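To start, the structure itself, in C-alpha cells.
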C-alpha cells in the first residue's frame, strides 16, 4: 500500500499537466458567436465610451496551466452606422494600439488575415512581465459594427502549443 501511495504521489508531482485539457465549444449569446476553450470561461462586462454613448463590452476568459496561459474573447456592438463600422481598418488599428498600450508590449508581427470569409487582423506582441517574457497573439474581426477580439497570452516557452490554434481557429460567428 505504501508503495502505491508513493508511486501515485510521484506521478501526480512529476508528470506534467496535460495542457490540452477537455476543450469544449462555448456559445456566447451576447455576441452571437462560439469558440473552443479549455474550460468554462469566466464572464465580465463593462461599458466603453463611444460616439453613440456607452457601449456594453463582454469579455470571456479561460486558462490553462494555473492561468499561465490565457484565452480571452471580447465582444462589443457599436452598431452598423457607427464610425467603427464605417472605418474597419481604423477600428482594428485602435484594437492593436489598445493591446500595445495596456501590455506595454512590442509589436513583433502584423498581418491581414481571413477567417471563414471574414477579413481581420492578427497582431503579435512581445511582453515583459514580472513573471518573464510573454507573447500576446491578438486577432480582431469587425462584422456589421461589432468587434470580435480573441487573444492568447502565453509565456514564450509555450508560444507554439497547438492548443492556441484550436482556440484561434475555432471562432464561429452565428449559430
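Where a number appears in this text, it was derived from the coordinates with a stated rule and is not lab data. What you see is a predicted model, and the numbers here were worked out from it, not measured in a lab. When we count neighbours, we look across all protein chains shown, and the Cβ atoms used for this are built from the backbone with ideal geometry, even at glycine.
Could you let me know the centre-to-centre spacing of the stretch 24-46 and the stretch 81-128, using Cα atoms, in angstrom? The distance from the Cα centre of the stretch 24-46 to that of the stretch 81-128 comes to 20 Å.
From helices alone, the chain scores -6500 deg cm²/dmol at 222 nm; the rule is -39500 (n - 2.57) for each run of n ≥ 4 DSSP H residues, then divide by the residue total. Each label point was placed 7 Å from the Cα along the Cα-to-Cβ direction; for residue 24 and residue 157 their separation is 3.0 nm. Remark: 134, 158, 27 ranked as 27, 158, 134, counting other beta-carbon atoms within 10 Å and listing the fewest first.
Working from label points 7 Å from Cα in the Cα-to-Cβ sense, the residue 48 to residue 65 distance is 2.8 nm.
Mean separation of Cα pairs under 8 Å and 6 or more residues apart, divided by the residue count, gives the stretch 19-173 a relative contact order of 22 percent. Inter-label distance, residue 166 to residue 117: 2.8 nm, where each label sits 7 Å from its Cα along the C-beta direction. In the chain, the C-alpha radius of gyration followed by the widest Cα-Cα span (Dmax) gives 18.4, 70 angstrom.
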